[in-house]
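Student: For reference, the structure I am asking about is given below.
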Amino acid sequence: MPSHSNATFMPREAVPLQQPVDETSAGPRDATPQASAHARNRIEIPDGHALFSAINHPKDINELNIAQLEAVAREVRRAIISTVSANGGHLAPSLGVTDLTLALLKVFNPEHDRLVWDVGHQAYAYKILTGRRENFHTLRTLGGISGFPRMAESPFDHFGVGHSSTSISAALGMAIARDLADEDHTVAAIIGDGSMTAGLAYEGLNQAGDLGVNLTVVLNDNEMSISRNVGALSSFLSRKLSKRWVQRFKQQMETWMRQVPRFGDDLANYARLSESSFKGFFTPGMIFEAFKFNYIGPINGHSMPDMVDIFQQVKDLEGPVLVHVLTTKGKGYAPAENNPTYFHGVGCFVPETGEAKKISACLPPYTEIFGRTLVDLAAKNDKIVAITAAMPEGTGLNYFADAYPDRFFDVGICEQHAVTMAAGLASQGYRPVVAVYSTFLQRSYDQVVHDVCLQNLPVTLCLDRAGLVGEDGATHHGTFDISFLRHIPNLLFMAPKDEAELQRMLVTALNHPGPAAIRYPRGVGVGAPSQDDPSPLSPGQGETLRDGGEAVVVALGSRVHPALEAAGELAKETGREVAVFNARFIKPLPKAQLLELARTHSRMLIVEENVVAGGFGSAVLELFAAQGMLRGQRIRLLGIPDVFVEHGPQRMLRKQLGLDKTGIKDALGELFAAAPLSQKDS
């Protein structure tokens, strides 16, 4: 994540946290005469905090007038800034949709209507205004409320989300269910323009338009997802016209045509009939009307009167409708408006300035080590290209983009396309590296199998955020990748114990003649010095880091160093000597070494930060079973149980799951407490 300096520049409509913001003032790209007039004549509310404190249920919002809604919006933003500055979270997107959220809740009733948020980065204001104001300070903390909509958390969270572009399809399913049950309520999907770069969104639009169901799609357009949007569709959505200019042009043309002798009135009437074609030519409405949606917009997403008026009209329209709303990411908080990428997902910061709070750790994270190493390797090999799915900063590929812009490709939120495009590049002699969060690679499973591994193409998959990611919770933990990748033929699969080993694995992958994958955790490592010229590893070869004859810990990736610490403490406390083996390779397994360890140790603990089901430990047990090595052995698998892990700090989650140093030491103690199995017992 890029560093952030003290923000001193403030856009015209943005002010520091302590001052109120005129939420009706339009940004430079979405000004309207109506909004400006309303800003001049707006009724001031002396105590917006009292109004905000009285909102305990969505129905309370329906009683507020426009001026009161605007006063509440300012207080909602203050609450979001206060909590996110302490807990971290998705600040800029939630600030940008605060006005939109209030307008939706003014018109629609979430007890009756269905509101489906896409991704969930936008949903903080919605959480506050739907009965979670008092608990909002627990956002993303262990046992607190989730950073994403969750059906189990509130009856007003109508669908759980975490990965992008699902809202239209889910809302369409709800609309079909409503019609089948002969019910009468509004179903609305609120989707960001970044999410509209994904094919899934258009699959939903296509089906909804074909069915002609009553469905409202609200496109929140801030011209960003996490980083700047890319692609032709993003450019098309950005073709916006001044509403004032359009109206003036239409009026002048109509006046001129009516002055034409004999045919003037007919020309003017024909022009009115052709208005939809005119609008489609000049605005992004054309693409949505091609999907048989009634397109409305673009409208100012910070003009409460306009939005409330439009949504009230939309409620009575038949068929699918798309409302295009223009918002400013980070609206009302100068540092976030000035640097929306940094404040998309941010750690703790000083709310008055936006400066990041100092933390004790100063080590570079795995993400940075990966990014800088790839740049160094690309300097020696012009066939290396890099691909990301809308996450250049998040994956560390921003360094590559700066150094080699012609060899860097951001495909938008299109993980499937990213992998198949990489396969195409690899088929032509290039060495593509696809950097993606582990949890998002789940969306590309078929492409990994059929387009990469089946054809044995040299694509390197770099899985950032593998394992427990922390406060983003169940939708973002990378705890399944070993289970869904290790069984695919032709794939070389590795996990480093530290930063230096990550460098060596990247070299190994780029020298490998077929597909390769590397998984590494979120955050910093142990501080292993970077290597100027990292050497490749021998596939299927692990390393023994500590000798010991009484038991052995076979550890993978991020769990290697905690295993070393646990073994060291156990030796000091009990005198028992435990070996520690760094497996390094998930596929191919270090078979000969593992079999030798099983022959020389009757007790074995296998530790990984992945689900136990189908994970690395399962692969080792399959090897032992095939070789008849399970007789007389005490083997325990330590990993993620068969649950979706909740949100919370990584350190606390690992402690709960027994995956930290103490948990590993306790598991070893239990192994020693159990007598070895005899062949008769087995």
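The values are calculated or read from the model by the stated rules, or taken from the named source; none is laboratory data. Treat the numbers as computed from the prediction; the structure is a model and nothing was measured. In this analysis, Cβ positions are derived from the backbone assuming ideal geometry, glycine residues included, and neighbour counts consider all displayed protein chains.
Student: Go through segment 132-158 and report how many residues are at pLDDT 90 or above and in contact with a Gly (Cβ under 6 Å, 6 or more places away or on another chain).
Tutor: The total comes to 1.
Student: Which pairs turn up if I take residues in segment 185-201 that are assigned by TED's automatic domain parsing to the domain that holds residue 172 and look for partners that are at pLDDT 85 or above and among the aromatic types (Phe, Trp, Tyr) with beta carbon separation below 7 Å, at least 6 apart in sequence or on another chain?
Tutor: 186/108; 188/108; 190/117
Student: Scan segment 652-664 and report the pairs whose first residue is under 21 Å from residue 554 (Cβ atoms) and whose second residue is outside any helix (DSSP H, G or I) and among the acidic types (Asp, Glu), with Cβ atoms within less than 7 Å and a gap of 6+ or a chain change.
Tutor: Close Cβ pairs satisfying both conditions: 654/660; 659/609.
Student: Look at residue 595 and say whether it is crowded, with 24+ Cβ neighbours inside 10 Å and not assigned by TED's automatic domain parsing to the domain that holds residue 484. It would help to see each step written out before you state the result.
Tutor: Numbers: crowded, with 24+ Cβ neighbours inside 10 Å: no; not assigned by TED's automatic domain parsing to the domain that holds residue 484: yes.
Against the criterion (crowded, with 24+ Cβ neighbours inside 10 Å and not assigned by TED's automatic domain parsing to the domain that holds residue 484), residue 595 does not qualify.
Student: Which condition breaks for residue 297 when tested against (1) of a type outside the set (Ser, Thr, Tyr); (2) crowded, with 24+ Cβ neighbours inside 10 Å; (3) at positive phi?
Tutor: For residue 297, the failing item is (2).
Student: Being within 20 Å of residue 469 (Cβ to Cβ), assigned to a loop (DSSP other than H, G, I, E, B) and not assigned by TED's automatic domain parsing to the domain that holds residue 504 is true for just one of 663, 648, 639, 632. Which residue is that?
Tutor: Of 663, 648, 639, 632, the one residue that is within 20 Å of residue 469 (Cβ to Cβ), assigned to a loop (DSSP other than H, G, I, E, B) and not assigned by TED's automatic domain parsing to the domain that holds residue 504 is 648.
Student: Still on this model: Look at segment 102-119 and say how many of its residues are touching a residue at least 60 places away in the same chain (Cβ under 8 Å) and in a loop (DSSP other than H, G, I, E, B). It would help to see each step written out before you state the result.
Tutor: Here is the first cut: in segment 102-119, the residues touching a residue at least 60 places away in the same chain (Cβ under 8 Å) are 102-104, 106-108, 112-119.
Restricting the remaining residues to those that are in a loop (DSSP other than H, G, I, E, B) gives 108, 112-113, 118-119.
Selection size over segment 102-119: 5.
Student: Let me ask something additional. So which of 162, 144 is out of contact with any Phe, Trp or Tyr (no Cβ under 8 Å at 6 or more places or on another chain) and closer than 30 Å to residue 438 by Cβ?
Tutor: Details: 162 fails: out of contact with any Phe, Trp or Tyr (no Cβ under 8 Å at 6 or more places or on another chain).
The unique qualifying residue is 144.
Student: Tally up the residues in segment 386-412 that are within 15 Å of the chain's Cα centre (by Cα) and assigned to a helix (DSSP H, G or I), please.
Tutor: Result for segment 386-412: 4.
Per-residue answers, yes or no, for (1) crowded, with 21+ Cβ neighbours inside 10 Å; (2) among the acidic types (Asp, Glu); (3) under 30 Å from residue 407 (Cα atoms):
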{"position": "311", "(1), (2), (3)": "yes, no, no"}
{"position": "333", "(1), (2), (3)": "yes, no, no"}
{"position": "348", "(1), (2), (3)": "no, no, no"}
{"position": "351", "(1), (2), (3)": "no, no, no"}
{"position": "354", "(1), (2), (3)": "yes, no, no"}
{"position": "357", "(1), (2), (3)": "no, no, no"}
{"position": "378", "(1), (2), (3)": "yes, no, yes"}
{"position": "381", "(1), (2), (3)": "no, no, yes"}
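Student: Next question, about the same structure. Mind listing whichever residues of segment 41-61 are assigned to a helix (DSSP H, G or I) and either on the phi > 0 side of the Ramachandran plot or at pLDDT below 90 (or both)? Step through it out loud before you land on a result.
Tutor: First, pick out the residues of segment 41-61 that are assigned to a helix (DSSP H, G or I): 41, 48-53, 59-61.
41, 48, 49, 50, 51, 52, 53 - these are the residues of segment 41-61 that are assigned to a helix (DSSP H, G or I) and either on the phi > 0 side of the Ramachandran plot or at pLDDT below 90 (or both).
Student: For segment 530-548, which positions are of a type in the set (Gly, Ala, Ser) and closer than 28 Å to residue 490 by Cβ?
Tutor: At the first step, the residues of segment 530-548 found to be of a type in the set (Gly, Ala, Ser) are 530, 535, 538, 540, 542, 548.
The answer is 535, 538, 540, 542.
Student: Hey, can you tell me all the residues within segment 628-682 that are charged (D, E, K, R) and at pLDDT 90 or above?
Tutor: Of segment 628-682, the ones charged (D, E, K, R) are 631, 634, 636, 642, 646, 651, 654-655, 660-661, 665-666, 670, 680-681.
Within segment 628-682, 634, 636, 642, 646, 651, 654, 655, 660, 661, 665, 666, 670 meet the criteria.
Student: Moving on. Restricting attention to segment 574-592, and to residues there that are not in a loop (DSSP other than H, G, I, E, B) and not hydrophobic (A, V, I, L, M, F, W, C), which single residue is surrounded by the most Cβ atoms within 10 Å (Cβ to Cβ)?
Tutor: Start the filter on segment 574-592 by keeping residues that are not in a loop (DSSP other than H, G, I, E, B), which leaves 574, 578-582, 585-587, 591-592.
Now restrict to residues that are not hydrophobic (A, V, I, L, M, F, W, C): 574, 582, 587, 591.
Working: 574: 14, 582: 26, 587: 21, 591: 14.
If we take residues in segment 574-592 being not in a loop (DSSP other than H, G, I, E, B) and not hydrophobic (A, V, I, L, M, F, W, C), then 582 is surrounded by the most Cβ atoms within 10 Å (Cβ to Cβ).
Student: Has segment 222-238 got any residue that is within 28 Å of residue 107 (Cβ to Cβ), modelled with pLDDT of 60 or more and touching a helix residue (DSSP H, G or I) at 6+ places or on another chain (Cβ under 8 Å)?
Tutor: Yes, segment 222-238 has at least one match.
Student: For segment 424-455, which positions are among the polar types (S, T, N, Q) and within 13 Å of residue 517 (Cα to Cα)?
Tutor: Start the filter on segment 424-455 by keeping residues that are among the polar types (S, T, N, Q), which leaves 427-428, 438-439, 442, 444, 447, 455.
Once the filter is applied, which keeps residues that are among the polar types (S, T, N, Q) and within 13 Å of residue 517 (Cα to Cα), segment 424-455 yields only 438.
Student: A further question on this structure: Could you check residue 175 against (1) more than 24 Å from residue 649 (Cβ to Cβ); (2) in a loop (DSSP other than H, G, I, E, B) and say which number it fails?
Tutor: Exception for residue 175: condition (2).
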